[in-house]
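I have placed the structure first, in the form of structure tokens, so that the comments after it can refer back to it.
The values are calculated or read from the model by the stated rules, or taken from the named source; none is laboratory data. Here the structure is a predicted model, which means the values were calculated and not measured. Note that each Cβ is placed from the backbone with ideal geometry, even for glycine, and that neighbours are counted across all protein chains shown.
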Amino acid sequence: MLVSITVIAILVGIMLPSLAGVREATRKVVCSSNVRQIGLGLQMFSGDHRDELPQTVFAKNTPGASNPERMIMLRLGESQNDWDGLGLLHDRGYLPGPNVYYCPSHKGENPLAQQGALWADSFGSVLANFQYRGAYVPGQRLNISRLSPFVGLVSDGLASVNDYNHQVGANVLNADMAVFWYQDNGRVRELLPRTSGDANAGVAVSAAWRQIDNANPANTPTSANPPE
């Protein structure tokens, strides 16, 4: 009996890492599906708004004045139903929430279990697990047709290390609405701010976006035309 119990315990110990890997692989697929649905929402929105993407108050029309680290925010919470960025997809009925805006692998401060309860209220900020890149082309609104097809528009959270949902990579939506898996070699995670309130958080998130652009397997050195 003791021998049998020992053998079972050893087998369980061997199998647990594999089971954990299977669960994370499943979560990555669900996350990828959510990012793809957000892409469909952006397509519909831009089709109805002269090719423009949803606006965000965190994208200023002045070089260096944007706050990309805050573009995980869906609702500002400063007035009634003041949805922003990707939150406009929900507000305008293109992509009702909340589930699609959250990654099942998220282990930071903004999980669906906490943020989902806020959606029923008219006031209060709401944050997602996905990073929007709704910056302006200098002097103009951000139009999809002005971007390289291989520039990232939406990614797993980049606002801080804790928002980086999978830690080893990210699902990324390109401007051509294709979704690819960015396998991180550690560079993006090292670039990310410790918290979204860090003094250099905006610079760090912009650098992370450029790293993802450069690693895009569909990209070429001359094709990138990022919105920053």
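Restricting attention to segment 113-128, which residues are in a loop (DSSP other than H, G, I, E, B) and of a type outside the set (Phe, Trp, Tyr)? Give the derivation first.
Here is the first cut: in segment 113-128, the ones in a loop (DSSP other than H, G, I, E, B) are 119-125, 128.
The answer is 120, 121, 122, 124, 125, 128.
Does residue 135 meet the test of being crowded, with 20+ Cβ neighbours inside 10 Å, at pLDDT below 95, out of contact with any Cys (no Cβ under 8 Å at 6 or more places or on another chain) and under 18 Å from residue 73 (Cα atoms)? Give the derivation first.
Working: crowded, with 20+ Cβ neighbours inside 10 Å: yes; at pLDDT below 95: yes; out of contact with any Cys (no Cβ under 8 Å at 6 or more places or on another chain): yes; under 18 Å from residue 73 (Cα atoms): yes.
So residue 135 passes the test.
Out of (1) free of Cβ contacts under 8 Å to residues at least 12 places away in the same chain; (2) at positive phi, the odd one out for residue 214 is which?
(2)
Kindly provide the set of residues from segment 77-111 that are out of contact with any Ser or Thr (no Cβ under 9 Å at 6 or more places or on another chain) and among the charged types (D, E, K, R), ordered by number.
Correct list: 82, 91, 92, 107.
For residues in segment 78-94 being small (Gly, Ala, Ser) and surrounded by fewer than 18 Cβ atoms within 10 Å (Cβ to Cβ), which is farthest from residue 147 (Cα to Cα)?
Just the residues of segment 78-94 that are small (Gly, Ala, Ser), to begin with: 79, 85, 87, 93.
Subsequent filtering for residues that are surrounded by fewer than 18 Cβ atoms within 10 Å (Cβ to Cβ) retains 79, 93.
Details: 79: 32, 93: 25 Å.
Looking at the filtered set, the residue picked out is 79.
Kindly provide the set of residues from segment 39-86 that are touching a strand residue (DSSP E or B) at 6+ places or on another chain (Cβ under 9 Å), over 24 Å from residue 109 (Cβ atoms) and assigned to a loop (DSSP other than H, G, I, E, B), ordered by number.
50, 51, 53, 61
Out of the residues in segment 212-228 that are in a loop (DSSP other than H, G, I, E, B) and either touching a His at 6+ places or on another chain (Cβ under 7 Å) or among the small types (Gly, Ala, Ser) (or both), state the one that is modelled with the highest pLDDT. Spell out how you get there, then give the answer.
First, the residues of segment 212-228 that are in a loop (DSSP other than H, G, I, E, B): 216-228.
Among the residues that remain, those that are also either touching a His at 6+ places or on another chain (Cβ under 7 Å) or among the small types (Gly, Ala, Ser) (or both) are: 218, 223-224.
Working: 218: 73, 223: 43, 224: 43.
Within segment 212-228, the match that is modelled with the highest pLDDT is 218.
Give 89, 95 a once-over and let me know the one that is part of a loop (DSSP other than H, G, I, E, B) and either on the phi > 0 side of the Ramachandran plot or within 18 Å of the chain's Cα centre (by Cα) (or both). Give the derivation first.
Numbers: 89 fails: part of a loop (DSSP other than H, G, I, E, B).
Checking each option against the conditions leaves just 95.
Would you confirm whether any residue within segment 52-66 is touching an Asp or Glu at 6+ places or on another chain (Cβ under 9 Å), touching a residue at least 60 places away in the same chain (Cβ under 8 Å), polar (S, T, N, Q) and surrounded by 18 or more Cβ atoms within 10 Å (Cβ to Cβ)?
Within segment 52-66, one or more residues are touching an Asp or Glu at 6+ places or on another chain (Cβ under 9 Å), touching a residue at least 60 places away in the same chain (Cβ under 8 Å), polar (S, T, N, Q) and surrounded by 18 or more Cβ atoms within 10 Å (Cβ to Cβ).
Restricting attention to segment 16-30, does a residue exist that is touching an Asp or Glu at 6+ places or on another chain (Cβ under 7 Å) and modelled with pLDDT of 95 or more? Spell out the reasoning first.
Going residue by residue through segment 16-30, those that are touching an Asp or Glu at 6+ places or on another chain (Cβ under 7 Å) are none.
Taking every residue of segment 16-30 in turn, none turns out to be touching an Asp or Glu at 6+ places or on another chain (Cβ under 7 Å) and modelled with pLDDT of 95 or more.
Condition first: part of a loop (DSSP other than H, G, I, E, B) and among the aromatic types (Phe, Trp, Tyr). Now tell me which residues in segment 157-211 satisfy that.
Initially, segment 157-211 is screened for residues part of a loop (DSSP other than H, G, I, E, B), giving 157-160, 164-168, 175-178, 184-186, 192-200.
Answer for segment 157-211, where residues must be part of a loop (DSSP other than H, G, I, E, B) and among the aromatic types (Phe, Trp, Tyr): just 164.
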